[in-house]
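Since the structure comes first, as structure tokens, the remarks are kept for the end.
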Amino acid sequence: DTAVSQTPKYLVTQMGNDKSIKCEQNLGHDTMYWYKQDSKKFLKIMFSYNNKELIINETVPNRFSPKSPDKAHLNLHINSLELGDSAVYFCASSQGVPMIPGELFFGEGSRLTVL
Amino acid sequence: GENVEQHPSTLSVQEGDSAVIKCTYSDSASNYFPWYKQELGKGPQLIIDIRSNVGEKKDQRIAVTLNKTAKHFSLHITETQPEDSAVYFCAAPWAGSYQLTFGKGTKLSVIP
């Protein structure tokens, strides 16, 4: 059984379009994340969502918005896609609580290509 | 936020040799230091971590050492095997937070 699953695995789209990536975890974790990995393999956190608390990395454009229908899901919506949004996006979850980081469980990634 | 520097960016070793990857961090209040391994086409996976109350931790062929005074920690892999080839990331948390900042990664190649 896949612990953290994200769909789609590959996404090719035109500039200016709006797209979504879905993420689900079956680990019962309280916290979910979205990370962006660029072509140089740099991993940067975009968002974390713990119960009702959303923490946003200040460098993330507001074209990106996370949506969590419930504790097991954290979807990523991207509006007005730009070429620089091309990357691999990883969803992750953890049982970390404030002040005590825990192990991150990553999905397999969603490769977004913007043409 | 935390600033994590990782070196080297690439590392090639002969099978059976040891590999060492080093990271420094900026926030002296950081108390948790994990290492993740990312194989091609996969998400990163935790391989070992250390908390600030110990200086070293070992798990079979991998070990992590921590020097809190100097604010650096290292990953040691002994008797390397081809399946150790991957990208390795160190990380440290933002102070008072569960969020991790990752180093820029080290691509390790083990040559048979």
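The values are calculated or read from the model by the stated rules, or taken from the named source; none is laboratory data. Being a predicted model, the structure only gives us computed values, none of them experimental. Cβ sites come from the backbone with ideal geometry, for glycine too, and all protein chains shown count toward neighbours. Calculation scope for accessible area: heavy atoms of the full protein, side chains included, ligands and nucleic acids excluded. Shrake-Rupley method; radii C 1.70, N 1.55, O 1.52, S 1.80 Å.
Please tell me if A:Pro61 is without any contact (Cβ under 8 Å) to a residue 12 or more places away in the chain, more than 10 Å from chain B (Cβ to nearest Cβ) and over 11 Å from the mean Cα position of the chain (by Cα).
When the stated conditions are applied, A:Pro61 passes them.
Could you list, in sequence order, the residues of the range B:32-59 that are open to solvent by 40 Å² or more (accessible area, probe 1.4 Å), closer than 20 Å to B:Gly105 by Cα and of a type outside the set (Asp, Glu)?
B:Leu40, B:Gly41, B:Lys42, B:Gln45, B:Ile47
What are the residues in the range A:1-30 that are under 17 Å from A:Ser68 (Cα atoms), open to solvent by 60 Å² or more (accessible area, probe 1.4 Å) and polar (S, T, N, Q), if any?
The answer is A:Thr7, A:Asn26.
Which one is surrounded by the most Cβ atoms within 10 Å (Cβ to Cβ), of the residues in the range B:65-112 that are within 12 Å of B:Lys37 (Cα to Cα) and among the acidic types (Asp, Glu)?
It comes out as B:Asp84.
Restricting attention to the range B:61-112, and to residues there that are charged (D, E, K, R) and more than 9 Å from chain A (Cβ to nearest Cβ), which single residue is farthest from A:Ala92 (Cα to Cα)?
Step by step, filter the range B:61-112, then rank; the result is B:Glu79.
Looking at B:Ile62, is it surrounded by fewer than 19 Cβ atoms within 10 Å (Cβ to Cβ) and either within 30 Å of A:Tyr49 (Cβ to Cβ) or out of contact with any helix residue (DSSP H, G or I) (no Cβ under 8 Å at 6 or more places or on another chain) (or both)?
In short, yes.
Has the range B:14-36 got at least one residue that is more than 11 Å from chain A (Cβ to nearest Cβ) and free of Cβ contacts under 8 Å to residues at least 24 places away in the same chain?
Taking every residue of the range B:14-36 in turn, none turns out to be more than 11 Å from chain A (Cβ to nearest Cβ) and free of Cβ contacts under 8 Å to residues at least 24 places away in the same chain.
Scan the range A:69-87 for residues that are open to solvent by less than 40 Å² (accessible area, probe 1.4 Å) and closer than 13 Å to A:Ser20 by Cα and jot them down.
If the condition is that a residue be open to solvent by less than 40 Å² (accessible area, probe 1.4 Å) and closer than 13 Å to A:Ser20 by Cα, then A:Leu74, A:Asn75, A:Leu76, A:Ile78, A:Leu81, A:Asp85 are the ones that fit.
Would you say A:Tyr33 is open to solvent by less than 80 Å² (accessible area, probe 1.4 Å) and within 16 Å of B:Trp94 (Cα to Cα)?
When the stated conditions are applied, A:Tyr33 passes them.
Does B:Thr69 count as among the hydroxyl-bearing types (Ser, Thr, Tyr) and not in a loop (DSSP other than H, G, I, E, B)?
no
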